[in-house]
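Right, I'll just put the structure down here and ask away after.
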Amino acid sequence: MAKYYDIDDIITDEEIVAVIFQKAASGVGIDPSSETDCVEVGSKVELPFWLAHELQQRQAVSMNIPTSFNQNTRLEIQADSACVDLRSRCPFFYEFGCKIAPLVGARNIGPLLLSAFKSRYKEVLTKAHTAAFTAASKNLTILTKEETNLYEAAQSSMAAFKKWRMGGPRFQKASILGRKRKSTE
Amino acid sequence: MYGRKACQLVKELASGEKGQLTPYNSDLFDQVIAECSQHHLELQSLIRKMQEEGLDVQTTRNADHYGALIHHLSLVRNKRCLMAYMYNRAEIIRSLIWKVGPVLPQQIQEKLSHTEEEYFKKHSGALQSYMSRLDLDLTVDMVPPKDPYIQVRVLDDIGVVLSDDKTTNFARHSMHFLKRTDAEQFISRGLMEELTS
């Protein structure tokens, strides 16, 4: 499991999925709508993905398609994918989609992710390479985490290229100390 | 419960900028450990209940079994979040020695826990002893410079510093012409800046 310590993987696994319990479970207070601490068969609960995934493997629950991948999103992406606010739906849209696709049994999530990524990728790279300053444009707030990583990688490669051409100071303040300097007391 | 607090801990680590440390959140860390004990207790009580009913714990799949399973999974998830938190912080601390040098600046020191400071000191000590055996300073710049001397402007009050054969007074805003190796450690700590004409 190469991603055990990976922080992004852990946060992706925390995404909420709606499940239906096929078997009862007692002694757990995970269902907020039930009065006792038992979960009945057939009750609909919102669980984080890591729990839903394991329970599905043991056939205790069945997963539904999450709302981030439903028909509305599909239509919006087909219309104009570059403007769809994917981050508010799911900050790890692509990763989560890749994980969900084999479990939910919906055959069209894969092509949806691919088409969305293809059209947005071009936008992300052109903006990153041509932005004259590093101030965040309004475009950045609708990008998912993976796209933001791409954007930053492109920006840093542009900055490195410019530095190589123009020459800049060789030594820089260590990045861990942050950009803002604390005022001396 | 059920991994939410542990995920909060991990998200806090991710919320800092890339490569930056957030202050060590010992409260949340202890709370997650307390949750682990709670999950363990509930797990044990459910297993005991199954044993009292005379069911075979290994193969029965009743409601208690699934409840115990959920507690077990939450425990494993909490463990993963705690381990990832420590592991990623340790990685950043190890890289600190190469970037900032063997002495921690104050603003970073207040973000570390006590054990992390110990870890830094021991790691830095190990590196120093290795370098002294090789008789080579590995933390300097890898690229050979064009000019051994460099012009710097002092940003912070460093005071009088002994270097090789002379003592220089590094007052704020003064400019000096120094050897590159001497200036490097001050620049990486943000106390001086290089002047490129």
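The values are calculated or read from the model by the stated rules, or taken from the named source; none is laboratory data. Quick caveat, the model's predicted, so the values are computed rather than measured. Note that we place each Cβ from the backbone using ideal geometry, even for glycine, and neighbour counts take in every protein chain shown. The protein model used for the area step is the full one, side chains on, heavy atoms only, and it has no ligands, DNA or RNA in it. Shrake-Rupley method; radii C 1.70, N 1.55, O 1.52, S 1.80 Å.
So which helices (runs of 4 or more DSSP H) stay within the stretch B:90-197 end to end and still have 2 or more residues that are more than 14 Å from every other protein chain (Cβ to nearest Cβ)? Explain how you work it out, then say what you get.
Numbers: elements: B:106-109, B:114-134, B:180-188.
In the stretch B:90-197, B:114-134 are the helices (runs of 4 or more DSSP H) which contain 2 or more residues that are more than 14 Å from every other protein chain (Cβ to nearest Cβ).
Moving on. Going through A:Thr73, A:Thr67 one at a time, which residue ends up being open to solvent by less than 10 Å² (accessible area, probe 1.4 Å), at pLDDT below 85 and under 26 Å from A:Arg120 (Cβ atoms)? Spell out how you get there, then give the answer.
On the way: A:Thr67 fails: open to solvent by less than 10 Å² (accessible area, probe 1.4 Å).
Every option except A:Thr73 fails the conditions.
Just one of B:Gln51, B:Gln58, B:Gln44 is away from chain A (no Cβ under 12 Å), in a helix (DSSP H, G or I) and open to solvent by 80 Å² or more (accessible area, probe 1.4 Å); which is it? Show your work before the answer.
Values: B:Gln58 fails: in a helix (DSSP H, G or I); B:Gln44 fails: away from chain A (no Cβ under 12 Å).
Going through B:Gln51, B:Gln58, B:Gln44 in turn, the sole match is B:Gln51.
Then there is this: From the list B:Leu69, B:Leu43, B:Leu55, exactly one residue is of a type outside the set (S, T, N, Q) and modelled with pLDDT under 80. Which is it?
Working: B:Leu69 fails: modelled with pLDDT under 80; B:Leu43 fails: modelled with pLDDT under 80.
Matching residue, one of B:Leu69, B:Leu43, B:Leu55: B:Leu55.
Related question: Contact list please: Cβ distance under 6 Å, first residue in the stretch B:27-43 and without any contact (Cβ under 8 Å) to a residue 24 or more places away in the chain, second residue part of a helix (DSSP H, G or I) and not small (Gly, Ala, Ser), pairs at least six apart or on different chains.
Close Cβ pairs satisfying both conditions: B:Leu28/B:Leu9.
For the stretch B:93-150, name all the residues that are of a type in the set (Val, Ile, Thr) and either surrounded by fewer than 13 Cβ atoms within 10 Å (Cβ to Cβ) or under 20 Å from B:Thr181 (Cβ atoms) (or both).
We begin by selecting, within the stretch B:93-150, every residue of a type in the set (Val, Ile, Thr); these are B:93, B:97, B:100, B:103, B:108, B:115, B:139-140, B:143, B:150.
Within the stretch B:93-150, B:Ile97, B:Val100, B:Val103, B:Thr115, B:Thr139, B:Val140, B:Val143, B:Ile150 qualify.
Yes/no matrix, rows are residues, columns are (1) away from chain B (no Cβ under 14 Å); (2) modelled with pLDDT of 80 or more:
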{"residue": "A:Cys90", "(1), (2)": "yes, yes"}
{"residue": "A:Lys99", "(1), (2)": "yes, yes"}
{"residue": "A:Pro102", "(1), (2)": "yes, yes"}
{"residue": "A:Ile142", "(1), (2)": "yes, no"}
{"residue": "A:Ala153", "(1), (2)": "no, yes"}
{"residue": "A:Pro169", "(1), (2)": "no, no"}
{"residue": "A:Gln172", "(1), (2)": "no, no"}
{"residue": "A:Lys182", "(1), (2)": "no, no"}
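Filter the stretch B:151-160 for residues that are of a type in the set (A, V, I, L, M) and either surrounded by 11 or more Cβ atoms within 10 Å (Cβ to Cβ) or at pLDDT 80 or above (or both) and give the result.
Looking only at the stretch B:151-160, we keep the residues that are of a type in the set (A, V, I, L, M), and these are B:152, B:154-155, B:158, B:160.
Matches in the stretch B:151-160: B:Val152, B:Val154, B:Leu155, B:Ile158.
Report yes if some residue within the stretch A:42-52 is within 15 Å of the chain's Cα centre (by Cα), of a type in the set (A, V, I, L, M, F, W, C) and either modelled with pLDDT of 85 or more or assigned to a loop (DSSP other than H, G, I, E, B) (or both); otherwise report no. I'd like the intermediate steps shown before the answer.
Step one: filter the stretch A:42-52 for residues within 15 Å of the chain's Cα centre (by Cα), giving A:48-50.
Right, trim to of a type in the set (A, V, I, L, M, F, W, C) and you get A:49-50.
When the remaining residues are screened for being either modelled with pLDDT of 85 or more or assigned to a loop (DSSP other than H, G, I, E, B) (or both), the result is A:49-50.
Yes, there is a match, as at least one residue in the stretch A:42-52 is within 15 Å of the chain's Cα centre (by Cα), of a type in the set (A, V, I, L, M, F, W, C) and either modelled with pLDDT of 85 or more or assigned to a loop (DSSP other than H, G, I, E, B) (or both).
Follow-up. How many residues does the stretch B:5-17 hold that are out of contact with any Gly (no Cβ under 8 Å at 6 or more places or on another chain), open to solvent by 20 Å² or more (accessible area, probe 1.4 Å) and at the interface with chain A (Cβ under 8 Å from one of its Cβ atoms)?
Residues flagged as out of contact with any Gly (no Cβ under 8 Å at 6 or more places or on another chain), open to solvent by 20 Å² or more (accessible area, probe 1.4 Å) and at the interface with chain A (Cβ under 8 Å from one of its Cβ atoms) within the stretch B:5-17 amount to 2.
Determine, yes or no, whether B:Tyr87 is open to solvent by 90 Å² or more (accessible area, probe 1.4 Å) and either assigned to a loop (DSSP other than H, G, I, E, B) or of a type outside the set (Gly, Ala, Ser) (or both).
Details: open to solvent by 90 Å² or more (accessible area, probe 1.4 Å): yes; either assigned to a loop (DSSP other than H, G, I, E, B) or of a type outside the set (Gly, Ala, Ser) (or both): yes.
Yes; evaluated as a whole, the condition is true for this residue.
Filter the stretch B:18-36 down to residues that are farther than 21 Å from A:Pro48 by Cβ and more than 10 Å from chain A (Cβ to nearest Cβ), then give me how many there are. Explain how you work it out, then say what you get.
Keep residues of the stretch B:18-36 that are farther than 21 Å from A:Pro48 by Cβ, which gives B:18-24, B:26-27, B:30.
From what's left, more than 10 Å from chain A (Cβ to nearest Cβ): B:22-24, B:26-27, B:30.
Selection size over the stretch B:18-36: 6.
Right, something else. Output the residues belonging to the stretch A:1-27 that are of a type in the set (A, V, I, L, M, F, W, C) and at the interface with chain B (Cβ under 10 Å from one of its Cβ atoms). If you could, list the steps in order and put the result at the bottom.
So the first thing to find is which residues in the stretch A:1-27 are of a type in the set (A, V, I, L, M, F, W, C), and the list is A:1-2, A:7, A:10-11, A:16-21, A:24-25.
Answer for the stretch A:1-27, where residues must be of a type in the set (A, V, I, L, M, F, W, C) and at the interface with chain B (Cβ under 10 Å from one of its Cβ atoms): A:Met1, A:Ile7, A:Ile10, A:Ile11, A:Phe21, A:Ala24, A:Ala25.
Mind listing whichever residues of the stretch A:97-122 are buried (at least 17 other Cβ atoms within 10 Å of the Cβ) and within 30 Å of A:Lys162 (Cβ to Cβ)?
Correct list: A:Phe117, A:Arg120.
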